[in-house]
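I have placed the structure first, in the form of structure tokens, so that the comments after it can refer back to it.
The values are calculated or read from the model by the stated rules, or taken from the named source; none is laboratory data. Keep in mind that what you see is a predicted model, and the values were worked out from it rather than measured. Here the Cβ positions follow ideal geometry from the backbone for every residue, glycine too, while neighbour counts run over all protein chains shown. These accessible areas exclude ligands, DNA and RNA; they are computed on the full protein's heavy atoms, side chains included. Shrake-Rupley method; radii C 1.70, N 1.55, O 1.52, S 1.80 Å.
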Amino acid sequence: RFRALAASMWLDEAEKVILAVDTDGPGDVLALELAHRFGKDRCWRAQWPSMNDCATKDANEALIHHGPEAVKESIAGAIQYPIDGVYQVEDYAPEVLDIFRGNVQQPLSTGFNTLDGILKIMPGTFNLFTGIPNHGKSTFVDQLCVNLTRGENWKFAMYSPEHSVAQHIRRLAEKIAKKPFDSGPTVRMTEDDLRAAMEYLSKHFFFIESKDTVPDIGWILEKARASCVRHGINGIVIDPYNEISAIREIGKREDEHIRDLISTCKAFCRRHNIWMAMVAHPTKLRRMEDGSLPKPNLYDVSGGAQWSNMADTGVVVWRDFDTGRTTIYTKKIREQGLYGIIGDVNFQFNVTTRVFEEAAPEVPTIPYSN
């Protein structure tokens, strides 16, 4: 239905988009999808004139019952979606009516029943994932994305330059085929399995790559915005933070730079109703007396406390190499009760199927304190 958007490159440059759609249920759904794709910051919605105290359904009814001038006036007087600044109540009318009609976003399942008890996927939010290198945070984020493509038919833009795009596709293909990519002790996927997996991935994953320079956040979000218009992406993964240009304005401290970067990301998420996952490494941790590394918390993320203060959710991924168990800790949930609570859930990584599986409930949780 939205193929025309993918073919019309000039739409990326449109400064004002007027949504002149039907006022019934399907029209409201269409308006929400278009506002998601274009971003609410450049969307206005036309309000059709009333007839017998009821709004006309669409432009055709407005034309028939009120004439062409009424249609022109409705389009000229379209109401902007509120984003920034000072507004009056009527400026929020479209959003309030959406809430009244039940056209509001609800948190979505992670694809893991137990994890849903402490964490759900809420579009429009900025989500921090951290953990010691090689503890599986990138693999777990990939798993969440695959789950959302299956459960919600979501699409993702992926900026993950630590490894090549081909290597990333390889890892994602394992989660689709549920077989290893490489030869080993278990049967690897066949070439037909790989082709089928790549065909599936091509419908749900789009990759952002800068081959010559380390891009800044503005460049990454501009590519994500274009992907939103053309492909209707629902989520963006940036993995990791330190692969974004660290160049900052003269005189700006690192914590101020991070604060502004997160603010920019959160504004993008709200405007497009996008779920964003940002993977960030912790600073180098001092080993404990027994030689083991302590479990990091959100304040250990490289760059300071802004991550914990500003993220909508903060998740720590920790692996116990002795047991093979991975524990997911939710350490920050801005709207507790709506899309999560503070808690933890255990997983085992199945080396045969290459996916995370929820551990049996009788397995005790590793104590975790900040």
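Brief remarks on what is shown
- The stretch 273-288 residues that are open to solvent by 30 Å² or more (accessible area, probe 1.4 Å), paired with ones that are among the charged types (D, E, K, R) (beta carbon under 6 Å, 6 or more apart): Thr283/Asp300
- Residues that are surrounded by 18 or more Cβ atoms within 10 Å (Cβ to Cβ) and part of a loop (DSSP other than H, G, I, E, B), drawn from the stretch 146-182: Trp154, Lys155, Ser160, Pro161, Lys179, Phe181
- You will find that of Thr186, Thr139, Thr125, Thr130, the residue that is among the polar types (S, T, N, Q) and over 30 Å from Gly343 (Cβ atoms) is Thr186 and no other.
- Of residues in the stretch 10-32 being open to solvent by 50 Å² or more (accessible area, probe 1.4 Å) and within 23 Å of Gly235 (Cβ to Cβ), the one modelled with the highest pLDDT: Leu30
- Test: residue in the stretch 231-239 that is at pLDDT 95 or above, out of contact with any helix residue (DSSP H, G or I) (no Cβ under 7 Å at 6 or more places or on another chain) and crowded, with 18+ Cβ neighbours inside 10 Å: yes
- Count - residues of the stretch 52-79 that are modelled with pLDDT of 80 or more and either over 24 Å from Arg42 (Cβ atoms) or touching a Lys or Arg at 6+ places or on another chain (Cβ under 8 Å) (or both): 13
- Residues of the stretch 308-326 satisfying the condition of being crowded, with 20+ Cβ neighbours inside 10 Å, over 15 Å from Pro133 (Cα atoms) and either among the polar types (S, T, N, Q) or at pLDDT below 95 (or both): Thr313
- Selection of the stretch 325-341 for residues being without any contact (Cβ under 8 Å) to a residue 60 or more places away in the chain and either assigned to a loop (DSSP other than H, G, I, E, B) or of a type in the set (Ser, Thr, Tyr) (or both) yields Thr327, Tyr329, Gln336, Gly337.
- Qualifying residue in the stretch 186-193 (condition: over 28 Å from His272 (Cβ atoms) and in contact (Cβ under 8 Å) with a residue 40 or more places away in the chain): yes
- Annotation: Gln348 fulfils all but one of (1) open to solvent by 10 Å² or more (accessible area, probe 1.4 Å); (2) in a loop (DSSP other than H, G, I, E, B); (3) not β-branched (Val, Ile, Thr); the unmet one is (2).
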